[in-house]
Amino acid sequence: MCGIIGITSNKPVSSSILHSLKKLEYRGYDSAGIATIDNGNINEVKSLGRVEVLEKNISQINLEGYIGIGHVRWATHGMPSTINAHPHSTENISVVHNGIIENSINLKNLLIKKGHKFKSETDTEVIVHLLSEYMKSNELNETIIKTLNDLEGSFALGIIFKDIPNIIVGARRGSPLAVGYGPNENYLGSDSYALKSMTNKITYLNDGEFCVIKKEEIDFFDHLGKKINKKVLQLSSNELNYEKGEYKHYMAKEIDEQPSTIKNCINEYVDKINNEINLLNFPWNKEQIKSVKLIGCGTAFHSCLMGKYWFEELTNLDVDVDIASEFRYRKNKFKEDCLYIFVSQSGETADTYAALNLCKKNKVKTCSIINVVESSIARDSDFVLPIHCGPEIGVASTKAFLGQMLVIYLLCLKISILMKDIKREDYDKKIRNLGLLSDLVKKTILDENQIQSISNTFAEAKGSMFLGRGFSYPIALEGALKLKELAYIHAEGYPAGEMKHGPLALIEDGMPVVVIAPKDDYYKKTISNMQEVIARGAKVLLLTNKDVNQIVSENIWQIIKIETTNDDLYPFLTTIPLQKLAYFTALKKGHDIDKPRNLAKSVTVE
Ligand code: M6R
């Protein structure tokens, strides 16, 4: 999961490439590089670290050229270093790559036998040598097709050629790739976000396709080299401008945006006049769905798990959840009457996309819940339910998590009324309650002083645990994930009732433990489990709601009280303090909040 960009223009391109690389940094940020063609030569500059290091290096040498490619890397083959940074070039050709070439070792050995000399430890370098080899005796399109046919694995590529200095070739299999149209210039990028400052006219390459980009025109080809026509999409203006503004971090902004993203999403799906959820052209009727399976990765998986609890509570359907990277390799029994639901913010996560493709191959019903509507997962699903959150840039998912849960909840409620699993009056009440959700989230967000001081303790902790039961269990997992990825603190999310079966042994004197226990059906049980960890020396932060007057223990270290709501909706509120806890703890530790170490926003490799 790296980011690639290419620009061909009638003016120098290096500063625009740098600008786009900064936008792409959410995809990888361990090294960066640019190659341009100038005066008949390929000029390459690469640096270890962030794009700003590359920018400094470039400012000292004046990198000219009206055509160029750039890359931000998230290391897969070979550690982060200047040599392993992309582009990878021979004297005549330069390549940037996002993805993994699975047969790179075999190809490298063959190429070495033919006299090719390799500089880096990357899988990518075989691509540029293969291209150089085929270019000796083939025309451009044949060279591209032969090279792509030799590659196993996934890729999005940007390629420039010293001897054809007016073109950039883009090619895609598995990893996303967009093409943009500008005035006297055209672009290639990993996603539309990288191109947004330059254009709102975008085309997406499908798997197996490649394109030849000149500054005045773009030609598209299928995997056999046959010319094809592609639709140009127009991006909306609110997708075009998304900056941090006065916020220090995108994550802080994205947490604060949650009341409005919740409101937007409800406005999109809820018809307030008729008190009805509108899923606009939902293609299946109640006889066709007997079960649902929710699939995702990371935070998106946690929203799937939340969905399991809601579907079980509100419908009579069988419900199952799966982590995409597990689902894709298991011997699954595909069911015709099952609705397979794919949840993903980016819509480009490789494992989730592969799981979707597997379902498509098995001809079952697929629906995706995504944020990026132009993404591969959205384009390839039978039915799409967008979460309407706007861009999410912070690597740690926040507003998208709430958005995913909300759309899953709406879908669940709608199915439940269609199946007559819920009474009309209960359904009406639940929809009315949703109308209050945005304000409740807002009030929860405003309350942050206590969390700031609590985060001092977490910042010094070696490890911590997050416990919850029922609706609060997926939130415990999510709270722990946020603390891990942002504060680099070992954090375990656990069903509170499971502690006595092993994890209780981890509790030491002074270990911070978050217990999520709003006053729902599980409250009493969770409070008992809380006593068990307190008795073993844990410092408990109890997350409950304002209507709980009597707390049964005097030994609770801290209590945070959120607003009171109906049981179904507590997950939307209990999530907020946990997002903030991770944020402030990471801030205290001086971490890079929006770009935590070793991670990337969009995981487009396995
Ligand atoms: O784009 P997706 O929702 O498919 O991404 C899935 C996970 O990679 C993502 O949720 C990840 O776990 C987040 N960084 C967690 O904050």
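Among the helices (runs of 4 or more DSSP H) confined to segment 175-292, the ones with at least 1 residues that are within 28 Å of residue 37 (Cα to Cα) and either at pLDDT 95 or above or of a type outside the set (Val, Ile, Thr) (or both) are located at 192-195. Listed here are the strands (runs of 3 or more DSSP E) enclosed by segment 309-415 that have at least 3 residues being within 13 Å of the ligand (Cβ to nearest atom) and either of a type in the set (Asp, Glu) or not assigned by TED's automatic domain parsing to the domain that holds residue 477 (or both): 338-344, 365-370. Restricting attention to segment 19-37 and to residues that are open to solvent by 10 Å² or more (accessible area, probe 1.4 Å) and of a type outside the set (D, E, K, R), the residue that is modelled with the highest pLDDT turns out to be 37. With respect to residue 488, is the statement that it is within 30 Å of the chain's Cα centre (by Cα) and either at positive phi or outside the structural domain of residue 271 (by TED's automatic domain parsing) (or both) true? Criteria met by residue 488. None of 186, 141, 200 is farther than 24 Å from residue 3 by Cβ and among the polar types (S, T, N, Q) except 141. Taken together, 265, 297, 304 contain a single residue that is open to solvent by 30 Å² or more (accessible area, probe 1.4 Å), touching a residue at least 40 places away in the same chain (Cβ under 8 Å), within 16 Å of the ligand (Cβ to nearest atom) and not assigned by TED's automatic domain parsing to the domain that holds residue 144, which is 297. Scan segment 495-502 and give yes if some residue there is in a strand (DSSP E or B), surrounded by fewer than 22 Cβ atoms within 10 Å (Cβ to Cβ) and not hydroxyl-bearing (Ser, Thr, Tyr), otherwise no. Yes. Criterion applied to 397, 455, 464, 381 was being open to solvent by 10 Å² or more (accessible area, probe 1.4 Å) and within 30 Å of residue 541 (Cβ to Cβ), and the one residue passing it is 397.
The values are calculated or read from the model by the stated rules, or taken from the named source; none is laboratory data. Small disclaimer: the values here were computed from a predicted structure and weren't measured. Here the Cβ is made from the backbone with ideal geometry for all residues, glycine too, and neighbour counts use every protein chain on show. For accessibility, only protein heavy atoms count, side chains too; no ligands or nucleic acids. Shrake-Rupley method; radii C 1.70, N 1.55, O 1.52, S 1.80 Å.
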